[in-house]
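See below for the structure under consideration.
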Amino acid sequence: MTGAAVVGTGVVGAAGTDVAGFTAALAAGRSAITATPLGPAAELGPWSLADALSDAPEDLRGRALRAAGRAPRPVAAAVGAAVQAWVAAGCPDLPGDRVGVVVAGHNLTDRYTHDLAARYADRPHHLPARFALHALDSDHLGTLSEVLGATGEGWVAGAASASGTVGVVHGARLVAAGLVDCCVVVGALTELTPWHRRGFAVLGALAADDGDPAGACRPFDADRRGFVPGEAAAALVLESPASAARRGAEVAAVVAGTALGLDANRLADPDAGGQARVVRAALAAAGTTADRLDYVCAHATASRLGDATEARALRAVLGAAAGRPWVNATKGLTGHCLSAAGVLAAVATVAQMGGGFVHPNANLRTPLDDRLRFVGATAEPAGIRWALSTGFGFGGANAAVVLRAA
C-alpha cells in the first residue's frame with residue numbers, strides 16, 4: 001500500500017458532535033442550518049469538551065482538559081475533534097518526534113478577539129493574561145501538540161476556504177516523505193464576527209435570509225444564492241502504511257494522491273482551468289484516471305460564480321465519463337465551515353466510503369448542469385473505490401485530494 005492511511009476521524013460540529021452522529025445526519029440528509037439573529041447558519045450550539053472526552057483514556061482526557069478546558073471555543077473544538085480521531089486510531093503508541101500536527105485555517109480566534117474587545121474596552125487593564133497567546137493561530141498548534149505529546153513537525157496552513165484541503169495535502173506529504181510516521185490534521189472551527197458576515201454579504205457571497213433557513217444553501221442549483229456559514233472542527237489521523245501495519249491499525253481509506261496550485265489571481269474570481277489542472281495532477285499522483293472515479297465530494301458553496309466554475313472544471317476533467325461518478329456537496333447540510341471545510345469533506349468522504357452510500361444534495365431542484373451525476377434528494381447506495389475531494393479558496397488557491405478505499 002502506498003500513500004497515507006486514514007486510521008482515525010473526528011468531528012465536532014453543528015451537523016454532529018461525533019463521527020457516528022455526523023454520518024447519520026449525512027445519510028438522512030438532515031440539515032444543521034437554522035435561523036439565527038444574524039441570518040441562516042449552522043452553529044455548533046452548546047457543547048462541552050469534558051463531555052466530548054468521555055470515551056478517551058484517563059491520561060489523555062486529563063491532558064486535554066488541562067490544556068484546553070478554559071481555551072477559546074475554537075481551540076477546545078479542535079482538541080475535541082483531534083482526540084476523537086486519535087482514539088479511533090487506537091491512540092498510536094509512537095515516539096513523539098514521529099507524530100506531526102497540521103492545523104488548517106487562519107484568523108482562527110477572530111471572534112474571541114472581537115468579543116474581548118467589547119468586553120474590556122473600558123477596562124483594558126483587566127484583559128486576560130493569556131490573550132496574546134490565544135489570539136495567535138499557533139495556540140491551536142501548541143495546544144494540540146501538548147495534548148497528543150507530538151514533537152514532530154507541525155504548522156498552521158491557511159488558504160481561505162481551501163485551507164482544510166491544503167491541510168490534508170500537507171499532512172499526507174509529511175507522512176509520504178517519511179518526516180513523521182503519523183500526522184494529525186485538524187480543520188479548525190471558524191466563528192465569524194458580525195463584521196465578517198457583513199463583509200461577505202457586501203461581496204455578494206452570503207445567502208440572504210429569505211425565511212427558509214434550511215433551504216438557503218443550494219449548491220449546484222440554478223437558484224443558488226450564496227453560502228451559509230457553518231461551524232465545525234474536523235480531524236484526520238494519517239499514518240504511513242508501514243506504521244499502521246506494525247500496529248495492526250484498521251485503515252479506513254488511503255490518501256492516494258494530492259495536488260495544489262494557484263491561479264495568479266488575488267480576487268474572489270475562480271478559474272476552471274486552474275481547478276482542472278490541480279484535479280488532474282492529484283489523479284496522476286494517485287496513479288489513476290478520471291474515468292475510474294466513483295464519487296466527487298465537491299467544494300461547492302452555493303456561490304453563483306463558484307459552483308458554475310467548479311462544474312466546468314469537473315466536466316473538463318471527466319470528459320466522456322462526466323455521468324459516471326456521483327457528485328454531492330456537503331455544505332448544503334453543514335453550511336460552509338470555511339477553514340474546516342476541506343477536512344470535514346474528507347471525513348464525509350471516508351464515512352460514505354465505509355457506509356456504502358452517497359448523501360443527498362440538499363435543496364438541489366434544478367441542477368445547473370445535467371451532464372454531471374448529482375445525487376438527488378435522498379441518499380443513494382454506492383460502492384466507492386476512488387473518490388475526489390476538492391477545496392478552492394479566495395485568492396486563487398486550488399487543492400485536490402484523491403482517496404482510495406482501503
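Scan the stretch 37-53 for residues that are in a loop (DSSP other than H, G, I, E, B), touching a residue at least 24 places away in the same chain (Cβ under 8 Å) and more than 18 Å from TRP86 (Cβ to Cβ) and report the count.
7
Counting only residues that are of a type in the set (Val, Ile, Thr) and part of a helix (DSSP H, G or I), which one in the stretch 18-36 is farthest from GLY335 (Cα to Cα)?
That would be VAL19.
Only one of VAL278, VAL251 is of a type in the set (Val, Ile, Thr) and closer than 30 Å to LEU192 by Cα. Can you tell me which?
Of VAL278, VAL251, the one residue that is of a type in the set (Val, Ile, Thr) and closer than 30 Å to LEU192 by Cα is VAL278.
With farther than 27 Å from GLY29 by Cβ, in contact with a Pro (Cβ under 8 Å, 6 or more places away or on another chain) and at pLDDT 95 or above as the only criterion, which of ALA320, ALA256, ALA249 stands out?
ALA249
If we keep just the residues of the stretch 182-196 that are aliphatic (A, V, I, L, M) and in a strand (DSSP E or B), which is nearest to the chain's Cα centre (by Cα)?
The selected residue is VAL186.
Spot the failing condition for ALA15; the list is (1) surrounded by fewer than 21 Cβ atoms within 10 Å (Cβ to Cβ); (2) at pLDDT 95 or above; (3) out of contact with any Pro (no Cβ under 8 Å at 6 or more places or on another chain); (4) not acidic (Asp, Glu), and only one is missed.
For ALA15, the failing item is (1).
Please enumerate the residues belonging to the stretch 45-61 that are of a type in the set (A, V, I, L, M) and out of contact with any Ser or Thr (no Cβ under 8 Å at 6 or more places or on another chain).
LEU49, ALA50, LEU53, ALA56, LEU60
Identify all residues within the stretch 75-131 that are under 23 Å from PRO229 (Cα atoms), surrounded by 14 or more Cβ atoms within 10 Å (Cβ to Cβ) and small (Gly, Ala, Ser); write none if there are none.
Those that are under 23 Å from PRO229 (Cα atoms), surrounded by 14 or more Cβ atoms within 10 Å (Cβ to Cβ) and small (Gly, Ala, Ser): ALA76, ALA77, ALA78, GLY80, ALA81, ALA82, ALA104, GLY105.
With the requirement that a residue be within 16 Å of ALA76 (Cα to Cα) and of a type in the set (A, V, I, L, M, F, W, C), what does the stretch 104-144 give you?
Listed by number, the residues that qualify are ALA104, LEU108, PHE131, LEU133, ALA135, LEU136, LEU141, LEU144.
Can you name the number of the only condition in (1) modelled with pLDDT under 95; (2) surrounded by 24 or more Cβ atoms within 10 Å (Cβ to Cβ) that LEU144 fails?
(1)
When the stretch 51-70 is examined, which residues are found to be in contact with a helix residue (DSSP H, G or I) (Cβ under 6 Å, 6 or more places away or on another chain) and of a type outside the set (D, E, K, R)?
ALA52, LEU53, ALA56, ALA64, ALA67, ALA68
Can you name the condition, by its number, that ARG365 falls short on among (1) within 21 Å of VAL254 (Cβ to Cβ); (2) in contact with an Asp or Glu (Cβ under 8 Å, 6 or more places away or on another chain); (3) surrounded by fewer than 24 Cβ atoms within 10 Å (Cβ to Cβ)?
Going through (1) within 21 Å of VAL254 (Cβ to Cβ); (2) in contact with an Asp or Glu (Cβ under 8 Å, 6 or more places away or on another chain); (3) surrounded by fewer than 24 Cβ atoms within 10 Å (Cβ to Cβ) one by one, ARG365 breaks only (1).
Go over the candidates THR378, THR390, THR366 one by one and state the one that is touching a Ser or Thr at 6+ places or on another chain (Cβ under 7 Å) and modelled with pLDDT of 95 or more.
Residue meeting the stated conditions: THR390.
Identify the residue in the stretch 39-53 that is in contact with a Leu (Cβ under 9 Å, 6 or more places away or on another chain) and over 24 Å from GLY332 (Cβ atoms) and, among all such residues, is surrounded by the most Cβ atoms within 10 Å (Cβ to Cβ).
Ranking the qualifying residues of the stretch 39-53, first place goes to LEU53.
Check every one of the helices (runs of 4 or more DSSP H) wholly within the stretch 266-349 and list those with 3 or more residues that are closer than 20 Å to VAL169 by Cβ and in contact (Cβ under 8 Å) with a residue 12 or more places away in the chain.
Passing ranges, in order: 272-286, 304-318.
Taking only the stretch 286-323 into account, find how many residues are of a type outside the set (A, V, I, L, M, F, W, C), surrounded by fewer than 17 Cβ atoms within 10 Å (Cβ to Cβ) and in contact with a Leu (Cβ under 8 Å, 6 or more places away or on another chain).
The number of residues fulfilling the criteria is 4.
Inspect all residues belonging to the stretch 298-310 and state whether any of them is under 20 Å from LEU262 (Cβ atoms) and among the charged types (D, E, K, R).
The answer is yes; a qualifying residue exists.
The values are calculated or read from the model by the stated rules, or taken from the named source; none is laboratory data. Note that the structure is a prediction, hence the values are computed from the model and not measured. Virtual Cβ from ideal backbone geometry, glycine too; neighbours counted across all protein chains shown.
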